[in-house]
Amino acid sequence: MTHENLATYANLSLYSAMAVLTLSMLGYAGYLAGLLPSRDAAGESSDENATVTAGDRELVAAAGGGSAPGSSVAERSTPSAAPDAEVPLRARKAGGIAQTLALLGTVLLFASAALRGASVERWPLGNMFEFGVAAALFTMVVFVVSGLRRDLRWLGVFVVAPVLILLGLANTVWYTEAAELMPSLKSVWLIIHVTVATISVGLFAVGFVIAALYLAKDHFGTGGGGPRVLRALPEPRVLERLAYGLHIIAFPLWTFTVIAGAIWARQAWGSYWNWDPKEVWTFIIWVVYAAYLHARVTRGWRRQAATWVAVAGFACIIINYAVVNVYFVGQHSYSGL
């Protein structure tokens, strides 16, 4: 099989992945649409129970001047919450199909990256197009693997949609024909440094999505205010912990990325640090995420404020990739555009 054929099959796999992920996104949207009525009913039931409980306590207090017999402090201070209503069968089917399609789309993205690498006999991370495909792949891997441990069907549409946007940009704006690497990129550190960086971006991306959902849910509250879709999401504290957990994994990997990049720079350019725009922004990203993790465990910092720092960190990643790579001239000018 010729290199041209392999490159063609790589593109076909990519187009197929985009089609499959589009169907997956629609399936996740159908899951949320089917879940919302049951969550609305559960919310209304919880509100009614809280009202009735409060009324009963007033009657008890008026009659006996105290709490109901056998009631604990927690029960006296916090209304009991009604259990979640069962997810409708149609929604469960849509979510199951969406999960299967998400896994298939991830496999097709892996096939596309592998075929692209085989077509040029190198690691497929030599330009912005290839990095975009790899970032989409690892974002989906993070989402799919995380979904094996807990139910994340509510998150699917919010992850798959940005992945499709990234793949669309890679195919239209950043597309580059398969070609040889620049001399400075022909190193084993390309595999180590850029691969770990891409895995980190995948983790940061899913963490960012959950962090943004947490801020939205926390801002509008759990009483039904704001967009109705927020009712389908877990409680704010659950979202915040999920986002924090992903950042805890991603940050050491990004730290390794900075260190490995410095070692590679020493071999390629004779110095560990050259004040290249890409180097500077990579370090800025590290500083912002370090500030987030520090703020997250510092007394006096509200978790909402700390989460905004994490959002700023992902904004720096977007700037680093979509702006610095294209418009800043330096030793890392290998976007292929």
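The values are calculated or read from the model by the stated rules, or taken from the named source; none is laboratory data. These numbers were taken from a predicted model, which means no experiment stands behind them. Every residue, glycine as well, gets a Cβ built from its backbone with ideal geometry; the counts of neighbours run over all protein chains shown.
Going by what's in this entry, would GLY261 be described as assigned to a loop (DSSP other than H, G, I, E, B) and more than 17 Å from the chain's Cα centre (by Cα)?
So GLY261 does not fit the description; no.
Considering only region 240-250, I want to know if a residue exists there that is under 16 Å from the mean Cα position of the chain (by Cα) and β-branched (Val, Ile, Thr).
yes
Here's the yes/no breakdown for (1) surrounded by 14 or more Cβ atoms within 10 Å (Cβ to Cβ); (2) in contact (Cβ under 8 Å) with a residue 12 or more places away in the chain; (3) hydrophobic (A, V, I, L, M, F, W, C):
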position	(1), (2), (3)
THR257	yes, yes, no
TRP264	yes, yes, yes
THR282	yes, yes, no
TRP301	yes, no, yes
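Can you run down the residue pairs with Cβ atoms below 9 Å, 6 or more apart or on separate chains, where the first is in region 111-139 and touching a residue at least 40 places away in the same chain (Cβ under 8 Å) and closer than 16 Å to ILE192 by Cβ and the partner is surrounded by 23 or more Cβ atoms within 10 Å (Cβ to Cβ) and aromatic (Phe, Trp, Tyr)?
Pairs that qualify, where the first residue is touching a residue at least 40 places away in the same chain (Cβ under 8 Å) and closer than 16 Å to ILE192 by Cβ and the partner is surrounded by 23 or more Cβ atoms within 10 Å (Cβ to Cβ) and aromatic (Phe, Trp, Tyr), are LEU125/PHE131.
With respect to VAL173, determine if the residue is under 19 Å from TYR321 (Cβ atoms), more than 17 Å from the chain's Cα centre (by Cα), surrounded by fewer than 18 Cβ atoms within 10 Å (Cβ to Cβ) and not basic (Lys, Arg).
yes
Just to check your reading of the model, which residue among ALA250, ALA268 is in a helix (DSSP H, G or I), at pLDDT 95 or above and either among the small types (Gly, Ala, Ser) or within 24 Å of ARG149 (Cβ to Cβ) (or both)?
The unique qualifying residue is ALA250.
Looking at the structure I just gave you, is GLU235 under 30 Å from HIS219 (Cα atoms), touching a helix residue (DSSP H, G or I) at 6+ places or on another chain (Cβ under 7 Å) and among the acidic types (Asp, Glu)?
Spelling it out, it is not the case that GLU235 is under 30 Å from HIS219 (Cα atoms), touching a helix residue (DSSP H, G or I) at 6+ places or on another chain (Cβ under 7 Å) and among the acidic types (Asp, Glu).
Among the candidates THR139, THR100, which residue alone is under 11 Å from SER24 (Cβ atoms), at pLDDT 95 or above and among the β-branched types (Val, Ile, Thr)?
On inspection, the qualifying residue turns out to be THR100.
Residue-wise test of (1) in contact with a Lys or Arg (Cβ under 9 Å, 6 or more places away or on another chain); (2) at positive phi; (3) loosely packed, with under 15 Cβ neighbours inside 10 Å; (4) without any contact (Cβ under 8 Å) to a residue 40 or more places away in the chain.
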position	(1), (2), (3), (4)
ALA243	no, no, no, no
PRO252	no, no, yes, yes
ALA268	no, no, no, no
TYR272	yes, no, yes, yes
ALA290	no, no, no, yes
ALA305	no, no, yes, yes
ALA310	yes, no, no, no
ILE317	no, no, no, no
VAL326	no, no, yes, no
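Can you find even one residue in region 127-148 that is closer than 22 Å to THR257 by Cβ, surrounded by fewer than 16 Cβ atoms within 10 Å (Cβ to Cβ) and out of contact with any helix residue (DSSP H, G or I) (no Cβ under 7 Å at 6 or more places or on another chain)?
Yes, there is a match, as at least one residue in region 127-148 is closer than 22 Å to THR257 by Cβ, surrounded by fewer than 16 Cβ atoms within 10 Å (Cβ to Cβ) and out of contact with any helix residue (DSSP H, G or I) (no Cβ under 7 Å at 6 or more places or on another chain).
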